[in-house]
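Student: Here's a structure for you.
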Amino acid sequence: MNQTKTLSEIRKELGISRKAIQGYEKHELISPCGKDKYGHLIYDDKTVERIIRIRFYQKLGFSVKEIKELSYQDDDQLKMALDDKKQETEKMILMLQRRYYLLEYLICETKMPDIEFMYEEIKEEDQ
């Protein structure tokens with residue numbers, strides 16, 4: 001039997017804000033299946049599963065817009081999108097590691113770097 005839950009129940013169960021769920025509705029990722037006798041919006045199990053899936057892909061770094069596009073893709077296209085996100089994440093990791101080491105270097109220095117050092121760093125970042 002298909003169970004339904006109110007927005008409040010879903011928020012408590014999944015630890016998600018009302019605003020997030022309303023955003024998913026706005027982007028047409030989910031929609032309520034009706035209202036209960038008190039006029040509260042209700043959602044079926046399939047919609048709750050969709051919310052979990054959305055939250056999972058957000059955790060992987062996908063935007064709501066990207067998630068909407070993913071929902072229309074087959075398995076091969078999904079794997080390609082995941083691989084693209086993985087490569088994007090690798091670049092972010094390298095950039096954060098570089099930032100970390102620069103900060104560590106600057107903290108250990110007794111004086112602030114000169115403008116040439118800064119210039120070389122921003123040039124390298126743009127490449």
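Every read-out reported here was derived from the displayed coordinates using simple, explicitly stated rules and does not represent laboratory data. Quantities reported herein were computed from a predicted structural model and do not represent experimental measurements. Neighbour counts run over all protein chains shown; Cβ positions are idealised from the backbone, glycine included.
Student: What are the residues whose amide H is under 5 Å from the amide H of residue 29, where those residues sit 5 or more places off or on another chain and H is modelled from the backbone?
Tutor: Under 5 Å from the amide H of residue 29: no residue qualifies.
Student: Taking 1 over the mean of 1/r across every pair of different Cα atoms in the chain, what Kirkwood radius in Å do you get?
Tutor: After inverting the mean inverse Cα-Cα distance, the result is 18.3 Å.
Student: Let me ask you something else. Between their Cα atoms, which of 19/46; 59/86; 5/65; 35/68; 59/79; 46/68 are more than 18 Å away from each other?
Tutor: From 19/46; 59/86; 5/65; 35/68; 59/79; 46/68, over 18 Å: 19/46; 5/65; 35/68.
Student: Next up: Convert each backbone phi in segment 24-41 into a coupling constant with the Karplus relation 6.51 cos²θ - 1.76 cosθ + 1.60 (shift: θ = phi - 60°), then list the ³J(HN,Hα) values in order as whole Hz, x for Gly and Pro.
Tutor: Coupling constants for segment 24-41: 5, 5, 4, 8, 6, 8, 9, 7, x, 9, x, 10, 7, 5, 9, x, 7, 5 Hz.
Student: Right, next: Which one of 38, 58, 6 is farthest out on the positive end of the charge dipole of the chain, using unit charges on Cβ (Lys, Arg +1; Asp, Glu -1) and the Cα centre as origin?
Tutor: Farthest towards the positive pole: 38.
Student: Mind checking segment 9-60 for trypsin sites (Lys or Arg not before Pro) that DSSP puts in a loop (not H, G, I, E or B) and that have at most 13 other Cβ atoms within 10 Å?
Tutor: Filter output for segment 9-60: 37.
Student: Sort largest first and round to whole Å: the equivalent ellipsoid semi-axes of segment 45-90, each the square root of five times a Cα gyration tensor eigenvalue.
Tutor: Rounded to whole Å, the semi-axes are 19, 13, 8.
Student: Here's something else I'd like to know. Please report, in cubic angstrom per residue, the volume enclosed by the convex hull of the alpha-carbon atoms of segment 75-126.
Tutor: Looking at segment 75-126, the number lands at 55 Å³ per residue.
Student: Among residues other than residue 44 whose Cβ falls under 15 Å from its Cβ, what is the net charge (Lys/Arg +1, Asp/Glu -1)?
Tutor: Net charge in that neighbourhood comes out at -1.
Student: Right, here's the next one. Enter the angle in degrees (range 0 to 90, nearest 10) between the Cα long axis of helix 45-59 and the first principal axis of the Cα atoms of the chain, meaning the one along which they spread out most.
Tutor: 0 degrees
Student: Taking a quarter of the surface of the Cα convex hull of segment 4-70, what do you get in nm²?
Tutor: One quarter of the hull surface, i.e. the mean projection, equals 4.2 nm².
Student: For residue 37, list the aspartates and glutamates whose Cα falls under 19 Å from its own Cα; do not include residues on the same chain fewer than 8 positions away.
Tutor: Straight-distance partners of residue 37: 9, 45.
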